[in-house]
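**Q** Structure in structure tokens, see below.
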Amino acid sequence: MLTDNNNYDEYDNFLPVSENNQLLDFNVNLATLLDEGQKAIIATDLLEGIKKDRDSRDKWEQGYKSAMDYLGIEQKFDSQTKAVNYQIYDSTLLNCVLKFVATAQSELYPPKGVADFEIITPDGTDNEIIKRYGEQQKNLINNYLKLGDKSFYKNSQAMLMPLALNGCVFKKVYNDHTTGKPISRYIRPQDIIINNSCLDLLESERITHVLYLTKKEVALNKNSGFFFGSDENLTAEQETAEDDSSEVTAKTRKIDGISDDDDIDEKFIFKHYEVHASLDYPFLLDFEPDKPNFPIPYVVTICKQTQKVVAIYRNWLEGDASYTRDNCFVQFNYFSGFGLYGYGMLHLLGNDAQALTMLQRQLLTAGSMANYPAYFKAKGLKIEHPQVDLQPGQSIDVETGSLPINQAVMPLPFKGADPVLVDLKERLKADAEQTGSIADTKLAEINSNAPVGTTVALLETQQKFQSSVIRSCYNSLADELQMIYARLAQPSSDPQEIQLSESIRIIPAADPTFSTNLQRIMKADAMLRTAMNAPQLHNMREVFSRFYTTIGVENIEQVLPPEPNPVPLDPITENMNILNNKAVRAEMWQDHVSHITCHQVFAEQNKGQDFLPNILAHIREHLAFAYLIEMQQAMGIQLPPMEALQNPKVQNEVAMLAAQAAESQGVVMDSEKPPEITEVAMAEVIQKDKAAELKASVDLQKVEMESYKAQLQHETEKQKIKAEKEMFEERMEMELKKMETQKEIAEEKNELERQRSEIIEREE
């Protein structure tokens, strides 16, 4: 509750404008229904609360402003100042910020699209259907953020430097008043006023967004009806009223080169407070049909200069009986602190930056005094061109009077920079870089003979802090994308679509685990080295494929040979190959009933294993061949070659024979919707009773199949002999290829060492 007064007797004189307590439009500006006295009460209470909230973050704001002086981006060079060294700033802090910005930009906002999806609650629905729906929704939001809200990427990237500097920034997701489309915009942290004692944005009593509007913008809001009673023509007293602008805002304007003397007509001169808060004033609650007796959320806009309420809107979804706040703000944190606003590099490294800058200036002064020393000279001594830079062979005339030159002029002794200062500066710089997580380990610094686990652990240890920051940003980005998607996706009454929408969640396309390119390359290199030591235990083609992908090699399919076509084998060997993630293949001449039975038993014994889909897929092959044999038997003919089946006449003839065969076998066909092959359906197909049914069906038709088998027997024996010959030839060929592969691996290893050397050189 935003008023300290729980006695509402003073409000008895204020009655709702609508006596029947009903509003024609849920989205009406309630400020049009209240009198000036009622709005004045709301404005007074909220402005007092805003002042308390601003005061609570005063120390954070002062620290932010002071630390910005040591960022070194404000241009202070004065050509008239001789002590130029005092305009020099150490660049360590700036380097830490820029490194984070580059990393976060590449990780969080990839060019292929910022959004992805994950399946959360399948609820028995076919995963393939959910995947297709998820891909559709992912493409929807990615295309919109690229084409519909063209400022999204630019605006999001602009927030990364302030995020790293001050510790937090805010994004606001809302529907644009002009287009009605959802947009997401970065808001400077000094323009979001929240009590710093609050640790969670969603639990805050008030969220105040400071708006800076031109006269034109105020007039447009007024003409559209979004504002009520606003006045874009201020009195002289109102225009000269005390400005409570943030000191941080003033500092950033100065850094950006914006002068207070700039054309006022083009500047933001109308300050408005957009306050998101829960209110329980009786004259507001009376507008609600159920008249709640507890605070409910509103958005109240107050003009700072006039201190008048210009807009009051309900801030919950229409029809929500719980009156839950419709939040539109997302907070991105760099590092959580003791308050809401957290800490950035300016807070974490501000003292280090100050010390480093001081040492930098001292070292520069010492070097300047050593190169251009000051000196004592005899009184009255005249030196021609005392400020000229000496050149080789140049002479300067000096009137020494009666004194020797070495007595008339005495340079002051300066020994140059103290080595202690140099060492101290390097130590402070290393500590600051470690805190800022930019002290990457180089490839050359890692022992190539070190264990893989040691190498990976070293890399991950150095990136733990940066990884935690990226993960925090990842979670905030996920909230932002969900809010955009909720406003972008059209609500549906279709139960199936509702179920699908509840089965996915829009998430960032970034990797939440975060690892640098160096980490990824080192892990891939470690995997490659391990696989080379035991190639018989690895799929070397997949190992090399992953390595090439990591180092950015394109068109890998053109580099690596294609996967060999698997040889048809007995069901036991096939089960072993499936268990080892190897490809298997069925052929026409195999005993499909026996294969299906053997594979089915193996699948039953390994329920829930990750290789089960491979077993199911292989069973489908055998079922297809068994069906083909059965249908050819029923039709009394063999299917013609594929080239002949492309002829429409041949297709129709086959279709007629197939229909007659199906009817003779009592097969019921669903003409309305073809059956979808799902994992659940497949599991039912491969049950024992299905296999037994199939076997029984074959046994019943043995008499009819004898003639057909007699015709195929000879051809089958020929195929078996041919297959055995091909298998022998393939084994011989594989032995030859193995020898060639070993040679190629040795060559590729040398090439990889060369590539790694190039990577080392680029990293250095």
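**Q** Based on what the data block shows, is Thr214 among the β-branched types (Val, Ile, Thr), farther than 30 Å from Thr103 by Cα, surrounded by fewer than 19 Cβ atoms within 10 Å (Cβ to Cβ) and free of Cβ contacts under 8 Å to residues at least 24 places away in the same chain? Even if it seems obvious, please write down each step before you answer.
**A** Details: among the β-branched types (Val, Ile, Thr): yes; farther than 30 Å from Thr103 by Cα: yes; surrounded by fewer than 19 Cβ atoms within 10 Å (Cβ to Cβ): yes; free of Cβ contacts under 8 Å to residues at least 24 places away in the same chain: no.
For Thr214, the condition - among the β-branched types (Val, Ile, Thr), farther than 30 Å from Thr103 by Cα, surrounded by fewer than 19 Cβ atoms within 10 Å (Cβ to Cβ) and free of Cβ contacts under 8 Å to residues at least 24 places away in the same chain - is not met.
**Q** So Ala408 fits all but one of (1) farther than 30 Å from Lys171 by Cα; (2) at pLDDT 80 or above; (3) crowded, with 18+ Cβ neighbours inside 10 Å; what number is the exception?
**A** (2)
**Q** Another question, then. Can we say Arg520 is over 10 Å from the mean Cα position of the chain (by Cα) and modelled with pLDDT of 90 or more? So that I can check it myself, show each step before the final result.
**A** Values: over 10 Å from the mean Cα position of the chain (by Cα): yes; modelled with pLDDT of 90 or more: no.
For Arg520, the condition - over 10 Å from the mean Cα position of the chain (by Cα) and modelled with pLDDT of 90 or more - is not met.
**Q** While we're here: Kindly indicate which of Ser230, Ser245 is under 22 Å from Ser66 (Cβ atoms), at pLDDT below 80 and not charged (D, E, K, R). Break it down into steps so the answer makes sense when it comes.
**A** Working: Ser230 fails: under 22 Å from Ser66 (Cβ atoms).
Result of the check over Ser230, Ser245: Ser245.
**Q** Being small (Gly, Ala, Ser) and free of Cβ contacts under 8 Å to residues at least 24 places away in the same chain narrows it down to one of Ser106, Ser151, so name that one. Don't jump to the end; show me each part of the working.
**A** Details: Ser151 fails: free of Cβ contacts under 8 Å to residues at least 24 places away in the same chain.
Of the residues listed, the single one that is small (Gly, Ala, Ser) and free of Cβ contacts under 8 Å to residues at least 24 places away in the same chain is Ser106.
**Q** Determine whether region 538-548 contains at least one residue that is in contact with a Pro (Cβ under 9 Å, 6 or more places away or on another chain) and at negative phi.
**A** As a first pass, look at region 538-548 and keep what is in contact with a Pro (Cβ under 9 Å, 6 or more places away or on another chain): 541, 543.
Restricting the remaining residues to those that are at negative phi gives 541, 543.
Checked against the condition, which is being in contact with a Pro (Cβ under 9 Å, 6 or more places away or on another chain) and at negative phi, region 538-548 yields at least one hit.
**Q** Can you pull out the residues in region 316-373 that are assigned to a strand (DSSP E or B) and touching a Lys or Arg at 6+ places or on another chain (Cβ under 9 Å)?
**A** Start the filter on region 316-373 by keeping residues that are assigned to a strand (DSSP E or B), which leaves 329-333, 335, 343.
Passing the criteria: Phe329, Val330, Gln331, Phe332.
**Q** Which of the helices (runs of 4 or more DSSP H) found entirely inside region 516-607 contain at least 1 residues meeting this: within 28 Å of Thr103 (Cβ to Cβ) and among the hydrophobic types (A, V, I, L, M, F, W, C)?
**A** Values: elements: 517-533, 540-550, 556-559, 571-579, 592-605.
Hits in region 516-607: 517-533, 540-550, 556-559.
**Q** Continuing with the same structure: Which of the residues belonging to region 489-500 are in contact (Cβ under 8 Å) with a residue 60 or more places away in the chain and within 22 Å of Leu145 (Cα to Cα)?
**A** Ala489
**Q** Among the residues that make up region 282-299, is at least one of them in contact (Cβ under 8 Å) with a residue 60 or more places away in the chain and acidic (Asp, Glu)?
**A** First, the residues of region 282-299 that are in contact (Cβ under 8 Å) with a residue 60 or more places away in the chain: 282-284, 286-289, 291, 295, 298.
When the remaining residues are screened for being acidic (Asp, Glu), the result is 286, 288.
So far as region 282-299 goes, yes, one or more of its residues are in contact (Cβ under 8 Å) with a residue 60 or more places away in the chain and acidic (Asp, Glu).
**Q** While we're looking at this one, here's another question. In region 614-646, which residues are modelled with pLDDT under 70 and not in a helix (DSSP H, G or I)? It would help to see each step written out before you state the result.
**A** So the first thing to find is which residues in region 614-646 are modelled with pLDDT under 70, and the list is 641-646.
Across region 614-646, the qualifying residues are Pro641, Gln646.
The values are calculated or read from the model by the stated rules, or taken from the named source; none is laboratory data. Please read these numbers as outputs of a predicted model, since none were measured by experiment. When we count neighbours, we look across all protein chains shown, and the Cβ atoms used for this are built from the backbone with ideal geometry, even at glycine.
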